[in-house]
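Below: one structure, written as C-alpha cells.
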C-alpha cells in the first residue's frame, strides 16, 4: 500500500529530503533520442530554470540537483521556520509573484474588506498559502506540472508526462545529507555523460563552481554552505564548501573505473569529521537508490524519528 506523502515528509523530524521524479513516456525529458535522432537537450534548462524560480518563491532551499535524460534529482531543505516567520503581506507577495491573486486578497490589499467574516476568510486563506510555501509536495507538483505542459505542447500530444508520484527519501543526519548531495552531483559522471563536475551541465555542482569562478561566494538561489559553526545560520548546509568539493572529486574518482591518472588515497577532511569511512561513503554515494528506503540516517536518528512518528518499523537505510 502506498504511504501518504504527509507521513513521508515531516519537517519536524528532518528538513532534508532527496527527491527524484521520472518520465513515464518513452520519449525523453532531455537528452538525445537515438531512435528518432531528435534532441531534447534544451529541456534541461527548462527544468533547472523552473526549479530555481520556484525556490525563490517557496521556503524550499535547493542543496543539490542534477537534470538527467529521463529524470531529475534534487536534495531540498524545507524551511518551515522561515515560512512561519513571514508576515501576511510577505506570504501574499511571495505566492502572488507566480500565481493569480485571489479576489478576496485583492480586496484585502486594497483595504476593502469590511465584515469580520470576510477578514476571517481572508486570513484563513493566507494561512493556507503559508503552509503551501513550505510544502515540498506543492513545490514538486508545480515544478512537474509546468514542465509537463511545456513538453506536451512541444510534442503536440496530451497525457501523463511524469510518473504518478515523485520519490522521496528523508535524510535524518549529516552523513545522510552529504551522501545524498554527492550522489546527486555525481549522477552525470556515473552515467558517463560528463567527465568531471565542472563539465556536468545543469547540476548544482557546476553552478557552484561557476559562481566560484565569478568570485561569488554562493549562487543566490541555492542553499549556502555554513562551515562548521552553523548552529545560528539560516538556510545552511552544515559543511564547508571546499570540503564538499574535495569529497565530490574523491568520490568521482573512485566510481569511474575508466578514469585515468592517480587516485588520491588521502581521506577528505570532511570524512574524518563525520567519522565516515571511505567504503561507507562510497557505498552511500553510489547505492542510495538501489533499494526503496525512505528514511536514511544513523541508528540513533532513526530511533528518534520512530519515536516522533509513533512507528515501530521504518523502511530505512542504516548508517553506522
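The values are calculated or read from the model by the stated rules, or taken from the named source; none is laboratory data. Nothing here was measured: the structure is a model prediction, and the numbers come from that model. Cβ placement follows ideal geometry from the backbone for every residue including glycine, while neighbour counts extend to all protein chains displayed.
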Original post:
Is region 241-261 home to any residue that is at pLDDT 70 or above and closer than 26 Å to residue 57 by Cα?
Top reply: yes
Original post:
So which residues in region 75-92 are assigned to a strand (DSSP E or B) and either over 15 Å from residue 135 (Cβ atoms) or out of contact with any strand residue (DSSP E or B) (no Cβ under 9 Å at 6 or more places or on another chain) (or both)?
Top reply: 75
Subject >> Residue check, residue 65 assigned by TED's automatic domain parsing to the domain that holds residue 164, modelled with pLDDT under 95, touching a helix residue (DSSP H, G or I) at 6+ places or on another chain (Cβ under 7 Å) and closer than 16 Å to residue 139 by Cβ >> reply: no
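This table checks each residue for (1) in contact (Cβ under 8 Å) with a residue 12 or more places away in the chain; (2) in the same structural domain as residue 241 (by TED's automatic domain parsing); (3) farther than 21 Å from residue 32 by Cα.
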{"site": "129", "(1), (2), (3)": "yes, no, yes"}
{"site": "140", "(1), (2), (3)": "yes, yes, yes"}
{"site": "155", "(1), (2), (3)": "yes, yes, no"}
{"site": "160", "(1), (2), (3)": "yes, yes, no"}
{"site": "165", "(1), (2), (3)": "yes, yes, yes"}
{"site": "175", "(1), (2), (3)": "yes, yes, yes"}
{"site": "179", "(1), (2), (3)": "yes, yes, yes"}
Original post:
If you take the residues of region 191-210 that are assigned to a helix (DSSP H, G or I) and under 19 Å from the mean Cα position of the chain (by Cα), which of them is nearest to residue 72 (Cα to Cα)?
Top reply: 204
**OP:** Please find, among 71, 42, 18, the residue that is over 29 Å from residue 294 (Cβ atoms), within 24 Å of the chain's Cα centre (by Cα) and either without any contact (Cβ under 8 Å) to a residue 60 or more places away in the chain or in the same structural domain as residue 206 (by TED's automatic domain parsing) (or both).
**Re:** 42
**OP:** Search region 191-202 for residues being in contact (Cβ under 8 Å) with a residue 60 or more places away in the chain and touching a helix residue (DSSP H, G or I) at 6+ places or on another chain (Cβ under 6 Å), and hand back the single one that is surrounded by the most Cβ atoms within 10 Å (Cβ to Cβ).
**Re:** 200
